[in-house]
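Asks: Pasting in a structure now, in structure tokens, and then I'll have a few things to ask.
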Amino acid sequence: MEIARHREEVLLKPAPHPDRPMALHELANAIHRRVEQYGELKYLDEIIELRCEIVTLCPEPHPDRARFLYNQAASFSFRFEHLNGVADLEAAVPIYREALKLLPASHPRRGMFFSQFADCLINRFQIYHNAADMDEAIQLSRDHLLLSVQYPDRATALYELGKQLWTRMKYFEDPKDVDEAIQFHRDALELAPPPAAKQTTTLENIGHSILQRFQREHVQLSLEGIGPFPPKQVNWLKALMEVLTARFRLRRDPADMEEALRLGHHAWGLCPETFQGQRRVLDELTSSFAARFEYGQHNTSDMDQAVRIHKAALVFSPQRDVNRGFYLNNLAQTLAELFEHSEVLSDLDEAIQVLREALPLFPESHPQRINPLNNLADYVYKRFTRAGSEADFEESIQLLRETISNQPDPYSKRDISLDRLANAIYSRFQRRGDDADLEEATQLHREALALRPPSHFKRTTSCNNLALCLHERKDPRDLDEAVQLLHDTLALSPPGPSHSGVRVDALIGLANALLTRFQNYNPRNDADIEEAVELHRQALALGLPGKFSRAAAMNNLGNALAERYRLHHDERDAKETIAMYRDALTLCPTSHPDKIYYLCNYACALATHGQFSTALPLFREAAMYTSTSPLQRFRVAKNWAWYAHKLHDASALEAYKCSLGLLPQLAALSLNVEARHVLASSQTRNLGADAASCAIELGRLDLVFTFLEAGRAVFWSQSLNLRTPLDELRISNPALSAKLTDLAQKLESSSFHVERRNIYSSDHHKNMATLEAEGVKCRRLNNEWDQTVQVIRATVPGFEDFMQHKGFEKATACRCAWPRRDSHSWRKSCHALILKPRSDGNSKYIKLRMLGPREFVEFLADVLRILVSGRPIHDSEIEGSFAAKMSGRGDADTHRLKGKLVYDEGKSLDERMASLLECLWISVVYPVLQSLNIEKSDNPGRIWWCPTGPFASLPIHAAGIYRRNVCTSDYVISSYTPTLKALLSPPFSPMTSLKATAVIQPTTSLPGYSALPYTTEELQKIQQCIPHQWLTTFGTPHSPVSTEKILPHLHTSSIIHFACHGVQDTHKPLHSALVIGNEKLTVEEIMKYTGVHEDSDPEETEIPKHGPGMGLAFLSACQTAMGDSNAPDEVIHLAATLLFAGFRGVVATIWTIHDPDGPEVAETFYRHLFRHTDPDFVPPDLNDSAEALHLAVKKLRTRVAFMRWVPFVHYGL
């Protein structure tokens, strides 16, 4: 009714009525009273609109303009207090300034203006931490105080000024502020007439101020000057109890604590029977017990008492009341503090459970929800660091992202959340090795540091954390920045109890940064390593709390001493290194995730100094340690294998089995295909070859082929597992077959989700929370997949080796040669492992003696890259490569082979290629053929080459001495295979019908790609060979081409032929592509489109199933089988992709081909393949595809140079 009446008054006084401002003023006041009474915040905007209109109607020199400006500013402040909109604060500040400027110095309400304006500035300070805001607020309060010498509420002004000084001291730590704050609080207490309500609050603030001063200066605490107070006043007892507790923390006098606890119990007995009164006393009691525990004898009964008191307080709390959430949060904090000292995991478990109960009590929009959310994230992460649960790790990151996403911007504690999230993401980087995590953690720490100016009390922590990330990036500029940050941190953290924690972290961080700089950039710089050792000693001497902290410091000192030993070979360093690692391992908790580092470091130190009998069991224990990530176990297993292989110890085979067995977990099915490829390619280099070499040396030839298969093409093996035919399993166990099919479909679909991080986006944390939730879901699916596979192996007869690498005895229908190399420094040699059909006798291996050390193969691969680069060739470049690779090594044979490639600047490109092919014949192919007793033949048999390491870059199929008319194709028909598993696929089945698809791309609008006019001729040649009933064509004017049109034909075509541009992306192999229309058909898109089981229901997934007709793919395009010299055993190119997709044979190219050669090769190829066909009755035998290419290339080489015919290769059956 009141508001309606005032609205009528406003309507009766339209502008420019002189009384309209006052009518608007009365209406605004009435609405304000309603908001205060009923909490109807929807009216806040109207109040401000009214206040703004009033000010507009009252320009200077209106006598009430100052008052109306004050009301306008106060309304903005009021809305900020309810809605936390920072814009309201920004609007209020200049309005307050203008109001004060206009207000006469003698105005009786000028003091109130000062007080309100100061509160507004302090609110803004709490957000931005701008010292200027706090300084201006304090000056306003001083001015207010000067105006109120006879002011009846002068005590209030003293109290407010003391509180502001205390706040500034907390942030900027100026001792003068705390002394002055204490004095102002004492003055307020003297002036406040008992029992004024403010007096008890002021008394409490004296306690806080005294506490702050003596925490900094450690002077004697005096209770004098507090003044008389009624002995039965509960707040007096509580305040005194707080001061006594503070003095106990400083002086450790048990009498103070005993008195504090007695007063607490007394106060509790005097509390009125209302929950709020009792809760405040109970909270202070728990604080006192916690202080006695922390600063006394660490008697857990004190913390037990604190926990019981917290639980007693919960009795007074309604079940659904938000206040109960606060009390539960306090209880959780007490339990977590108890855990820090007891290290009993059940205490932390209970704290987490209590917070899970508290969180639903806070609505999503509640501003205080952030506190329990932050605590829950912190405690879950702590539990992960103790127990190693991946679920806890993932949840902590999700909770922290939720915390940051729900914070208002800006938010006063945002720096804390950013710091915690950055630390968690950095830990994930350490566990999984994803550089994107390291980059995000670095950026988050930079953001947190920007929110902590030089005077901020947590700036040292940010400097230390950022330095840790920068040091991990191992860039010299980053390392120098890290070292400077840590020096700054130490300067801001002088020796003394108040800075001991930060100082220890900075000492350790600086020492580690110097150690990394020494290892990577200054290997002879004594100063860095000496300073690192000394800094670690200082950190250890500071008396670190907790066993694990001390274990970590010992481990760090051991690392620095080990490096110094490698530099100076001082036996004292060696002995101390071993002692540090041993003691660190002894102190480390049993299930701690970092224990694997201590085991490995101790084992490496022992092995370095010849104590192998003790070291090797420690390596085994570390590699089998399950409370850590697969990546960390894999690295340890490789170390174990290296030492054991070097010693010819039988445990080397177990070590290799362990490391190879972990590869599928590294390239887990829960990862998207890009992440899977990055991990596989970065970790597998030489591993399978080294394991095979070890098996040969130890006489375990039965493991050689298994090791080779397990150590190469991990990316493809993992992907192919999702497409394993389950016909036999369906017969034996339909339920498990159906379950595995369902899991495969879900995992395959999730393999192509794209993780794009934009850490500068405002929605970054929400987006990442969604992506990480998807990642958690995928990891659960992956775990379920692994468990299901284990159940099948354990319970289904005949499936004991289901989805495991098959031994060579399983391959009975092919002859295959693995040219491979040893990479161990003490076994530098090359071998060919030969797998023969059972009818031909046993398989064997031969040493490729002419090649000498493995570096010579790398030299040959370098020579080939030079030859195909298209730039001018000079002997000096080849000589330089030889010198760099061989470093003076090599015998007469290698030098003789090298001589075929240099010493004749006049050689043409063709002659140099002939020399390279001659080297391959002499050193690789001829020894293999000789071992197999294969002679030159007009009807040669098949051989499959499965090259490893740098052999994968060499054209073994084209080897020969062409000046003597000797070449590989006179002896065998060569094919390649990326894995043995690919040869175990069923051969081409007889077909009753055939569908062939030919795709050409004569022109494209994509930049950088020239026209290919010969593709039109190539299509014409194909049409002449393949009956039109079977052939579908794309790329002609009547049948335009696009990837959308072509993809459905991939899984329905028996033969598919592409004549177009091809490109191999060496940086992102999954983006290698065929240029189709004006688009690119990438490796990833082919994988995605052909990506489900043959027996799956296509309606259950958006990915089409591939059909039984996928027989042969002909890629008449450049670079479609070009590998990657940086990851030769993880080959990702278009030829391998189509084999993976289901095609049983692929014709491809290993470098750029000449446009005119495509039609000729295609014509000869298809004419031979379709020589016996009849469109009505007899389709072609696709098993003849290798022979067809053999004949086509043989014809081409009679008239063109090596560079034009050598690139054509055949993959598969």
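The values are calculated or read from the model by the stated rules, or taken from the named source; none is laboratory data. Computed from a predicted structure; not experimentally measured. Glycine gets a Cβ as well: all are built from the backbone with ideal geometry, and neighbour counts include every protein chain shown. Ligands, DNA and RNA are stripped out before the accessible areas are found, and what is left, the full protein with its side chains, is counted by its heavy atoms. Shrake-Rupley method; radii C 1.70, N 1.55, O 1.52, S 1.80 Å.
Asks: Quick one: in segment 682-727, of everything that is touching a helix residue (DSSP H, G or I) at 6+ places or on another chain (Cβ under 7 Å) and over 17 Å from C946 (Cβ atoms), which residue is most open to solvent (accessible area, probe 1.4 Å)?
Replies: Looking at residues that are touching a helix residue (DSSP H, G or I) at 6+ places or on another chain (Cβ under 7 Å) and over 17 Å from C946 (Cβ atoms), I get R700.
Asks: Out of everything in segment 533-588 that is among the hydroxyl-bearing types (S, T, Y) and modelled with pLDDT of 90 or more, what residue ends up being nearest to the chain's Cα centre (by Cα)? It would help to see each step written out before you state the result.
Replies: Taking segment 533-588 as the starting set, the residues that turn out to be among the hydroxyl-bearing types (S, T, Y) are 549, 565, 577, 581, 586.
Among the residues that remain, those that are also modelled with pLDDT of 90 or more are: 565, 577, 581, 586.
Values: Y565: 34, T577: 32, Y581: 29, T586: 31 Å.
Out of the qualifying residues, it is Y581.
Asks: A further question on this structure: Which numbered condition in (1) open to solvent by 30 Å² or more (accessible area, probe 1.4 Å); (2) under 30 Å from H17 (Cβ atoms); (3) assigned to a helix (DSSP H, G or I) is the only one that Q126 fails?
Replies: Q126 satisfies all of (1) open to solvent by 30 Å² or more (accessible area, probe 1.4 Å); (2) under 30 Å from H17 (Cβ atoms); (3) assigned to a helix (DSSP H, G or I) except (2).
Asks: Next question, about the same structure. May I ask you to say which residue of R676, R700, R712, R620 is basic (K, R), modelled with pLDDT under 90 and farther than 26 Å from K844 by Cβ? Can you show your working first?
Replies: On the way: R700 fails: farther than 26 Å from K844 by Cβ; R712 fails: farther than 26 Å from K844 by Cβ; R620 fails: modelled with pLDDT under 90.
Matching residue, one of R676, R700, R712, R620: R676.
Asks: Additional query: When residues of segment 634-652 are filtered for being of a type in the set (A, V, I, L, M, F, W, C), open to solvent by 20 Å² or more (accessible area, probe 1.4 Å) and under 32 Å from the mean Cα position of the chain (by Cα), how many remain? Steps first, please.
Replies: So the first thing to find is which residues in segment 634-652 are of a type in the set (A, V, I, L, M, F, W, C), and the list is 634, 636-637, 640-642, 644, 647, 650, 652.
Next, from what is left, pick out any that are open to solvent by 20 Å² or more (accessible area, probe 1.4 Å): 642, 647, 650.
Remaining after also requiring under 32 Å from the mean Cα position of the chain (by Cα): 642.
Matching residues across segment 634-652 total 1.
Asks: Out of (1) hydrophobic (A, V, I, L, M, F, W, C); (2) open to solvent by less than 60 Å² (accessible area, probe 1.4 Å); (3) under 45 Å from the mean Cα position of the chain (by Cα), the odd one out for V55 is which?
Replies: So V55 meets the others, but not (3).
Asks: While we're looking at this one, here's another question. Among the residues of segment 1127-1160, count how many are open to solvent by less than 10 Å² (accessible area, probe 1.4 Å) and closer than 20 Å to R942 by Cα.
Replies: Here the count works out to 8.
Asks: Among the numbered conditions (1) closer than 30 Å to A157 by Cβ; (2) more than 52 Å from the chain's Cα centre (by Cα), tell me where H82 comes up short.
Replies: Just one mismatch for H82, condition (2).
Asks: If you don't mind, there's one more thing I want to ask. Hey, among the residues in segment 336-348 that are touching a Phe, Trp or Tyr at 6+ places or on another chain (Cβ under 9 Å) and more than 19 Å from A424 (Cα to Cα), which one's surrounded by the fewest Cβ atoms within 10 Å (Cβ to Cβ)? Show your work before the answer.
Replies: Initial filter on segment 336-348 (touching a Phe, Trp or Tyr at 6+ places or on another chain (Cβ under 9 Å)): 336-339, 341, 343, 345-348.
Right, trim to more than 19 Å from A424 (Cα to Cα) and you get 337-339, 341, 343, 345-347.
Working: E337: 17, L338: 23, F339: 22, H341: 15, E343: 14, L345: 15, S346: 10, D347: 21.
By that ranking, first place goes to S346.
Asks: Right, another one. Picking from T577, T590, T626, T614, which residue would you name as being closer than 16 Å to R431 by Cβ and of a type in the set (V, I, T)? Spell out how you get there, then give the answer.
Replies: On the way: T577 fails: closer than 16 Å to R431 by Cβ; T590 fails: closer than 16 Å to R431 by Cβ; T614 fails: closer than 16 Å to R431 by Cβ.
Exactly one residue qualifies, and that residue is T626.
Asks: Would you check which residues across segment 405-446 are β-branched (V, I, T) and modelled with pLDDT of 90 or more and list them?
Replies: As a first pass, look at segment 405-446 and keep what is β-branched (V, I, T): 416, 425, 442.
Within segment 405-446, I425, T442 meet the criteria.
Asks: Looking only at segment 1020-1039, which residues are open to solvent by less than 30 Å² (accessible area, probe 1.4 Å) and either assigned to a helix (DSSP H, G or I) or more than 15 Å from I1056 (Cα to Cα) (or both)?
Replies: Within segment 1020-1039, I1022, C1025, S1039 meet the criteria.
Here's the yes/no breakdown for (1) outside any helix (DSSP H, G or I); (2) at pLDDT 85 or above; (3) open to solvent by less than 50 Å² (accessible area, probe 1.4 Å); (4) not acidic (D, E):
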| residue | (1), (2), (3), (4) |
| --- | --- |
| G906 | yes, no, no, yes |
| I922 | no, yes, yes, yes |
| V925 | no, yes, yes, yes |
| N933 | yes, yes, no, yes |
| R942 | yes, yes, no, yes |
| P990 | yes, no, no, yes |
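Asks: Inside segment 1161-1199, can you point out the residues that are of a type in the set (A, V, I, L, M), open to solvent by 10 Å² or more (accessible area, probe 1.4 Å) and farther than 21 Å from M1122 by Cα?
Replies: Answer for segment 1161-1199, where residues must be of a type in the set (A, V, I, L, M), open to solvent by 10 Å² or more (accessible area, probe 1.4 Å) and farther than 21 Å from M1122 by Cα: V1178, L1191.
Asks: Considering only segment 546-569, I want to know if a residue exists there that is open to solvent by 20 Å² or more (accessible area, probe 1.4 Å), touching a Lys or Arg at 6+ places or on another chain (Cβ under 7 Å) and closer than 26 Å to H341 by Cα.
Replies: Looking through segment 546-569, none of the residues is open to solvent by 20 Å² or more (accessible area, probe 1.4 Å), touching a Lys or Arg at 6+ places or on another chain (Cβ under 7 Å) and closer than 26 Å to H341 by Cα.
Asks: Here is a check on your reading of the model: is E1044 over 21 Å from A1188 (Cα atoms) and among the acidic types (D, E)?
Replies: On the way: over 21 Å from A1188 (Cα atoms): yes; among the acidic types (D, E): yes.
Yes, satisfied.
Asks: Select, from D45, D119, the only residue that is of a type in the set (D, E, K, R), under 49 Å from the mean Cα position of the chain (by Cα) and closer than 24 Å to P453 by Cβ. Lay out the reasoning, then the answer.
Replies: Working: D45 fails: closer than 24 Å to P453 by Cβ.
Checking each option against the conditions leaves just D119.
Asks: Are there any pairs, at least 6 apart or on different chains, whose C-beta atoms fall under 9 Å, with the first in segment 861-881 and more than 24 Å from G949 (Cα to Cα) and the second in a helix (DSSP H, G or I) and open to solvent by 60 Å² or more (accessible area, probe 1.4 Å), and if so, which?
Replies: I873/L909
Asks: OK, next. Look at S761 and say whether it is modelled with pLDDT of 70 or more and out of contact with any Gly (no Cβ under 6 Å at 6 or more places or on another chain). Before the answer, list the steps.
Replies: Values: modelled with pLDDT of 70 or more: no; out of contact with any Gly (no Cβ under 6 Å at 6 or more places or on another chain): yes.
No, not satisfied.
Asks: Which is basic (K, R), within 28 Å of the chain's Cα centre (by Cα) and buried (at least 19 other Cβ atoms within 10 Å of the Cβ), of K657, K595? Please lay out each step first, then the result.
Replies: On the way: K657 fails: buried (at least 19 other Cβ atoms within 10 Å of the Cβ).
It is K595.
Asks: Could you check F76 against (1) closer than 24 Å to Q126 by Cβ; (2) among the aromatic types (F, W, Y); (3) in contact (Cβ under 8 Å) with a residue 40 or more places away in the chain and say which number it fails?
Replies: (3)
Matching residues to (1) modelled with pLDDT of 90 or more; (2) open to solvent by 20 Å² or more (accessible area, probe 1.4 Å); (3) more than 30 Å from R459 (Cα to Cα):
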{"residue": "N84", "(1), (2), (3)": "no, yes, no"}
{"residue": "P94", "(1), (2), (3)": "yes, yes, yes"}
{"residue": "P104", "(1), (2), (3)": "no, yes, yes"}
{"residue": "H107", "(1), (2), (3)": "no, yes, yes"}
{"residue": "G111", "(1), (2), (3)": "no, no, yes"}
{"residue": "S115", "(1), (2), (3)": "no, yes, yes"}
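Asks: Is it the case that segment 1044-1051 has a residue that's at pLDDT 95 or above, among the acidic types (D, E) and outside any strand (DSSP E or B)? Give the steps one after another, and end with the answer.
Replies: Kept after step one, since they are at pLDDT 95 or above, are these residues of segment 1044-1051: none.
No, every residue in segment 1044-1051 fails to be at pLDDT 95 or above, among the acidic types (D, E) and outside any strand (DSSP E or B).
Asks: A follow-up question, please. When segment 1198-1213 is examined, which residues are found to be within 11 Å of S974 (Cα to Cα) and part of a loop (DSSP other than H, G, I, E, B)?
Replies: Residue satisfying the conditions is L1213 alone.
Asks: Name the one entry in L542, L515 that is in contact (Cβ under 8 Å) with a residue 24 or more places away in the chain and touching a Pro at 6+ places or on another chain (Cβ under 9 Å).
Replies: Details: L515 fails: touching a Pro at 6+ places or on another chain (Cβ under 9 Å).
Result: L542 is the single residue among L542, L515 that is in contact (Cβ under 8 Å) with a residue 24 or more places away in the chain and touching a Pro at 6+ places or on another chain (Cβ under 9 Å).
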